[in-house]
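In what follows, a single structure is set out as structure tokens and then discussed.
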Amino acid sequence: MPVLRCRCPRHRGMPARSVNWLQGGSGRTGCAPPGIRDHRAAVRRRVPAGVSASPTAPRTERRPAGGAAEGVDARTGRRRRMGAGGDRLHPRGGRADRGAPARRGARGDRRGPRCGRTLPEPGRRSRVPDLRLAHAARTAAAPARSRAAPPPPREGERRRGQIPTRAVTGNLLSPGVATAIMGGPSRYRRPGVLRRIPPAVLAMLSGLAWAAGASLSAGYHDTAEVERQLAAWAAAHPGIAEVSAIGASAAGSPLLVIRIAGPGEIPPEERPALFVGANVDGRHNAGTEAALALVRKLLDGSDRSRDAIARTTFFVAPVLNPDAHDAFFGTPRAPRTANGGEVDRDRDGFAGEDGPDDLDGDGVIRMLRIPDPAGEWLPDPIDPRLMVRRDPRRRRAGAFRLVVEGEDDDGDGRFNEDGPGGIDPDRNFPHAFPFPDPAAGPWPSAAPETRAILDFLLAHRRIAAAVIFGPANDLLALPPERGRGASGGTPVEIPGRFARRFGLEPGARMTLDELWDRVKDLPFVRSGGLDKDRLAAMLAPGPAKEWDAEDRADLARLAEAYRERLRAAGLDPERRADRSGPGGLAAWLYFQYGAFAFSLDVWGPPRPRAPEPKEGDTELTAASLSKMTREEFAEIPPDRLERFLRAHGVAPDVGAASVIDRVRAGEISPEDVAALAAAREDERARGEARRRALFAWAVERVPGAYRPWTAVRLKDGRAAETGGLDPFLALNPPREILDPALDVHVETVLDLADKLPRLEIASLEVRPAGRAVFTVRAVAANSGFLATHTRQAARARVHLPVRLSIRLPEGAALLAGRPWVAAERLAGVTGRLEAEWLVHAPEGGAVEVEAVSDQAGRASAVAELRGTAR
């Protein structure tokens, strides 16, 4: 059967099937661009007998004459408009769908019947090969993916692992050449075209392509790739790696957890376990890469890995919010934290009707600034590419309204307030639930992802520690210390039932410290074992938000080792970081589940660094700059001002000379420059300082991540500008920058596994105490760095105490001592639990002692009743 080919100059004789794939068609509708719609009836279906397969022959369905009428196309089964001659008409334009004579332009060249594009004369072919055609033809023949693949990219769109079709500004490279340079297909209609390009030129063009804005998602894994990778690991390591689905997201994607446990003395179900969860936030794709790097390390067969999986059971969940995770690979690319459900955020009766829009068509949702005299934002005086909040104290009015790129689709005066998606799973956990935020859901665990995670964790109570890869970093920004809902100096109101018992007036207000000083010597307080932490829990001043002092001390020691690893890897151990927020998984794991849990952000932009000062130079300060006149400012040595600008996060392409010239010209004042230093001390301006540092780093390391402000016209006629940094950059750097951080965090997780609590029988002694009577003495110890469970877990009463029990042989009797003894918890390294029993048993028997803990595992030992110890 003849192959139907496209006539448009864009595709130049390419098979219609491949053209349809390239343009995102479904296989039945044909080519998408108007100039090649005449091939729609021929794409992916057999040409009926008696109908010409020539691309220029008329293809008509004859009907009785009598004017245009509605009918059913015999070949497609669709309703078509039919002309008086029986020709099928275009559904909108009314022109004949096939067989229309070619139009001629002013120069006599042939034009398409509808789109007006120039068509090649019959028999002529262009000398310049369009390399996109070979790429489309090759990928169209690729085997189908195991899951339903997203539609293929349209022109200008991008998929993971490919560069944009317009990779270099000014169309320096054609899309096919750019694809080939970046490692794409190399078989084209004219072989050897790229072979004639010198390697040095190819390397230069590759750098230009990245500088022009290659996508950040190259090298990252989407959900489908994560599923395939986990399945491959499980198949390659049977008996060690096991993948299971613990639930499904709101959109139906599975939530996968891989369990890794090697052979060892203790069964995997009885060992201490460690849970690693990634990207429950949805925007933190770098966390997924860290989780995959951890699994890869655990299964590499090294001595370190074999020892780790022989002593610890690992549960790793690389993607806990798959619906939001894949937004990193979508087009347009927009960060989101919501799952695939629906939430009416603006409470107007409609869900998802006002989301972001790609107004400039660059494939990334950035920021939109709208001129507004009452706006809160204005261009930064030092670097106008940045936007900063207005400062009433400096009497500087705002000039713009800054919103996420998009239109006011529902006409309520607000932009993008009701975007796509449902509940944010990382704000839907029970601890400190942020009601009534619509994004957090109507109640805790309302999101299917949250409910599945809770069910899984509550079914595995041996998880002693957990690491959550997300936007926060609790090792760089240690949580506040106390371990109760309010600090000791926070005033609380004493409920009536407690006030009367404490001898106070009902409703009295005092701080926890003052209350404890008054009640600590009361008889029922001393006899009942009531301490300050339990008193705080009884008064319930709010959800606990501050770590217990002992738990925080353990976290601080882990943080010291973590900073040393960052420093050794060339990363910044003093960079700014966020803490875990309310309603999050990490907070629930520590405060309510009882695990030693914290968050890690894997990567963050480093602090601004200034050149070393010369000997004898004094540093500029905000106080000295603010007192200078313009003339005095112009006399500052450029190298001193350069150090000041770099130290305070100004982009490296904004030099000291240009700042001095602008101050001299009156465009900015010395106070504007002094405000850079004030941002460090002012809590209100710290966010501005962090944005400035990120921008300076991006301009130097990832120049394609910034898009200059570009004028756009909103649908209501207002002028606006869109631009700024790629919104994913703050959490997900280019993969080659991320890799050193992955190694650090894999080592951090393995170090935490080494520090888990582990029970052991430190000693077991049997001594004769008479005829057929023996004294048995046993000591259970915690050999791990961490306690058997946290102080917060003991306060919340979520774990059973550590138990040490004895099992007697048949015919024996316990003369003294209880069958078991217990301790609330055993501290790390030094924790001990001792017991002594008097046993009557025939000589030659054996006794067994066993120590059990919810999170520290199980240990046992056996001794014969002969007066010898084992």
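A short reminder: the numbers here are calculations on the coordinates, not readings from a lab. No experiment lies behind these values; they were computed from the predicted model shown. Don't worry about glycine lacking a Cβ; one is built from the backbone with ideal geometry, like all the others, and counts go over all protein chains shown.
To make sure I understand the rule: partners must be lysines, Cα under 18 Å from the Cα of Lys520, and not fewer than 8 residues away in the same chain. Which ones qualify? Counting by Cα, and skipping residues close in sequence, Lys520 has these lysines nearby: Lys532. In the stretch 491-539, the alpha-carbon atoms span a convex hull of 65 Å³ per residue. Amide H contacts under 5 Å for Asp372: Phe400, Arg401, restricted to partners 5 or more places along the chain or on a different chain, H placed in the peptide plane at 1.01 Å from N.
For the stretch 622-681, the calculated P(r) over all alpha carbon pairs, in 10 Å bins from 0 to the bin holding the longest distance, is 24, 62, 13 percent.
Among the trypsin sites (Lys or Arg not before Pro) in the stretch 279-348, those placed in a DSSP loop whose Cβ has at most 10 other Cβ atoms within 10 Å are Arg347.
For the stretch 780-850, the list of trypsin sites (Lys or Arg not before Pro) that fall in a loop by DSSP and count at most 15 other C-beta atoms within 10 angstrom reads Arg797. The distance between label points at Glu270 and Asp531 comes to 3.1 nm (points 7 Å beyond Cα on the Cα→Cβ vector). Summary of the geometry: the stretch 229-283 and the stretch 706-724, compared by the centres of their Cα atoms, lie 45 Å apart. Ranked by the mean number of other Cβ atoms within 10 Å of their residues, highest first, the peptides 273-280, 778-785 come out as 273-280, 778-785. Under 5 Å between amide hydrogens, built in the peptide plane, is the criterion, and for Gly857 it picks out nothing among residues at least 5 positions away or on other chains. Stretched out straight at 0.36 nm per residue, the stretch from Ala556 to Arg664 would grow longer than its current Cα-Cα span by 34.0 nm.
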